[in-house]
Every structure is written in C-alpha cells, then in structure tokens.
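Student: The structure follows.
The values are calculated or read from the model by the stated rules, or taken from the named source; none is laboratory data. As the structure is a computational prediction, the values presented were derived from the model and not from experiment. Backbone-built Cβ (ideal geometry, glycine too); neighbour counts: all protein chains shown.
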Amino acid sequence: MALESGLRDRLEGGLGAPICLTWELTYGCNLACAHCLSSSGRRDPRELTTAEARALIDEIAAMRIFYINIGGGEPMIRGDFFELVEYAIERRIGVKFSTNGTRLDSRAAERLAALDYLDVQISLDGADEATNDRLRGPGSYAAARRAMENLAAAGFGPFKVSVVVTRDNVGQLDAFAELAQGYGAELRLTRLRPSGRGADVWETLHPTREQSRELYRWLCEHPGTLTGDSFFHLSALGDPLEGLNLCGAGRVVCLVDPVGDVYACPFVIHERFRAGNVREGGLARAWRESPVFTDLRGAGSAGACVSCGSYDACRGGCLAAKFFTGLELDDPDPECVHGAGEVALALPRRRVRPTSEVDHSRRLPVVGR
Amino acid sequence: MPSTIDRRAAWRLSPEVSLRDEPFGALAYHHGTRRLVVVKSAALARLLERLGEYPSMEEALDEIPEGARERVARALEDLAESGIVSGA
C-alpha cells in the first residue's frame, strides 16, 4: 500500500470504513508456530458457516472496503476456502491471503493463478531450513518452498514471501531477498509482536536495538520491500519509512476473527479491544459505533513520549506491542529506538502482562499433515 | 516537469478503481496496482465519477469554477500519472 504523505491526522481520526480488513478464516492450523499471533491450532465449533461468511463478504462489499487480508490459522484448511475467495473477488474486493503453503499443491496453485486481484503470501521465517523450522516446526520450510515452486510453475506471477523478522533471521535479509527474487516474488517483512503465542517468545526473539538499526538501514536501502506498515516505530531513526507511519488499529484497519468477533487490529485479539461481533449487530456498526474504536480515534496522549523529539515520527509505536508487554498505551513502544521502552519495562511498578482468553493452541505440535 | 497528460483527450476513472467517499473527499484504490490515493475534495470526487461522460478533460474542467480550475486540472493530471484516471 502506498499513500501520499501529509494525511496522517485525518486518518488518525478514523475513516467511514476500513481501508483493509484482516479476516482470520479459522483457528484451525496444521502447524504450531511458536510465535502465532492468534494462538491457533484447533478449529472452533463456533466459526462462521459458509453462509455467514458469504454474508460477511456482502457486508464488506457494501461498506466498500477495498481489500481483505485473509489469514488464520491456516485458511486453506477450510473446505470453502476457494468459494469464499472467489466470491469476494466477484464482489470486487481485493484479496490477499497468508498461508503456510502446506495445502498449496499444483492444483491449488493453478486455481489461484486463474484469479485476478489476488495476492498470496507464503510465510517463511528462516532463509534456511534450520532457522525456519525452529520457529515454525519441522517440515515447514520444505512445505513453504514446495508451495513457492508450485506457484511459480503455475505462472501465478509475483507472489509474496512473508517473513516475521526475529533476532535469529535478521541477519538473513539479503538471503531472503535473493530467495524471493529467484521466484520473481516480492519480499514482505513484518514485525514480531508479543501477541498470541508470540508473547512467549517475544522477549528472546525480538530484534535487539542494534539489529533494529540494521533493519532500518536495510529497509531504507531496499525501498519497495513490503512491510504492511509494520516498522513505523523505526521511523524515529531518521527519514520516515514508506507507508502510513501510524497505528491503524480501529482507524484504518480492523480484524474479524473466525467466530466473527471484531477487534481493532490483527495483533490485539483480547477482550479489551473487542468492538462487537458480525453476527450480532454487524461489522459496519462495530466499526462506526463501538466505544472501543471511537476511543482509539481520539487524539491520543503522547504520555511519556511527549518531550521526545521523535514522537512525530513514530507516534509512540505499536498499540499491541505495548499492551501485551504490560505497558500503558501512552508508554513508549517496548522496542523504542531510543531505549525508552526498555526503561519503561524495567520500572519497578507492578506490570501485569495481559493474556488473551482466546487460545486454540493444541497441546502438541503436529506438522505437515 | 510539465505534464505529458493530454487535456484535449477523453479520460475516465479507471475501471480498476474503487472510489469511496470520506469526510475529507474520497479514497481511491486501484485494484491492479494496489495503490491507494487520497482525493482531497468532494468536488474532485464527483468530477472523477463523471469524467468519462465528457469528450475531453478540458470540457470536464469547464464545470469547475475558474478560480479552482487549474488546481483541479493538476490533481487530475496526477491521478492520470498514477493510473487512477485512464484514457477513455
């Protein structure tokens, strides 16, 4: 997504409808990644039925939301996956979807290649098997590479290789870029967040401050790298990175989870940021009227960051990163490039790290089914 | 750099673009390029919707009050450069 600069204030006030909406189709997943944002694993019996999912697509179309990011869980394990994707595209909604690639065989690749206005993101968190499988489970690297081969062979065009940047793989950015280029694919880098099971690994796996500076330099040297606006907290290091450079939660984006609950963004599946349910009252009402979202659209307090010269560049950083590390929403981002987050985290006040009640993790990881 | 957009030619809102009204004007999203553009006034958004009905961009611009015409023309040229507006 590219956007002209200078409109941030208007966007912070919220829009008539989201620019894009993330829709987790299912909590079911055949992998068990250590950093899963949605703590996925088992399907939830309350997940939207095909009819309800189609009705949601109708509402998304009526709200004129430009595109949806479909994720999970692993969205391709739903039997109606293709039906829903094709229906959304028919309704003139752009679709981007994220997959671990395990179900993306040559037939699926050909079916995807036949669709316009569809982006596919294959998750890969290591440029080599060992690095990737440590986080995503044994067999996941091979499965993702197979999916990439299948998309390339089907002539899908430039799909996305989607990487969550960690302490372990931040040194592999060039290797990821080369890997993507080998398929004519684009590289997408996103931030590791302490959401879902990510909370368990965030402390040991989020990039160090030095690594964050390297990442910023790399992003500046490689404009056009897709980031989903993940790294706006790094804009405090100098020139702003491409993108909106603001927290879009409840302002320009929101999340619908597999059971129809509406949350402010994909990284805050927690009661505190739940705005409603698409079955009760609908998506449009949750977006327009929920006090949760209305509050997020307020001017926002700079809090401890008020005297920092970089506040205008980073806007205090990521809501989810603060919330799930037990910081206040007007505290600095835990990964503040000036170290203010580390200071806030170390303060002797009682810090409770909120955990979400929504957890579909399986007890044991199962891989490659 | 002077624009290479021909104002005497016919233009229209690209069929690949979705336009959505917002309090500040509108947002335009190009499904092909995945590019999102801000349309800074409601008047420009209305003109975009009807651009294809005019034989030329110049004639469409005649609808705009003279004082604002050049500004709107430049905005249309920018939108043409980014593919939001395309040749009819």
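Student: Going by the structure shown, is B:ARG69 part of a helix (DSSP H, G or I) and under 21 Å from B:GLU22 (Cα atoms)?
Tutor: no
Student: Consider the range A:43-61. How many of its residues are surrounded by fewer than 16 Cβ atoms within 10 Å (Cβ to Cβ) and either within 20 Å of the chain's Cα centre (by Cα) or at pLDDT below 95 (or both)?
Tutor: 0
Student: Moving on to the next point. Go through the range A:197-250 and give me each residue that's assigned to a helix (DSSP H, G or I) and of a type in the set (S, T, N, Q).
Tutor: Listed by number, the residues that qualify are A:THR204, A:GLN211, A:SER212, A:SER235.
Student: Residues that are in contact with a Ser or Thr (Cβ under 6 Å, 6 or more places away or on another chain) and within 14 Å of chain B (Cβ to nearest Cβ): list the helices (runs of 4 or more DSSP H) wholly contained in the range A:27-133 that include at least 2 such residues.
Tutor: It comes to none.
Student: For residues that are in contact with an Asp or Glu (Cβ under 9 Å, 6 or more places away or on another chain), assigned to a loop (DSSP other than H, G, I, E, B) and more than 8 Å from chain A (Cβ to nearest Cβ), tally how many sit in the range B:11-39.
Tutor: Total meeting the criteria: 1.
Student: In this structure, is B:LEU61 within 14 Å of chain A (Cβ to nearest Cβ), hydrophobic (A, V, I, L, M, F, W, C) and free of Cβ contacts under 8 Å to residues at least 60 places away in the same chain?
Tutor: no
Student: Somewhere in the range B:64-73, is a residue within 14 Å of another protein chain (Cβ to nearest Cβ) and crowded, with 17+ Cβ neighbours inside 10 Å?
Tutor: Checked against the condition, which is being within 14 Å of another protein chain (Cβ to nearest Cβ) and crowded, with 17+ Cβ neighbours inside 10 Å, the range B:64-73 yields no hits at all.
Student: Given the conditions (1) touching a helix residue (DSSP H, G or I) at 6+ places or on another chain (Cβ under 8 Å); (2) closer than 25 Å to A:GLY13 by Cα; (3) of a type in the set (Phe, Trp, Tyr), which single one is not true for B:TRP11?
Tutor: (2)
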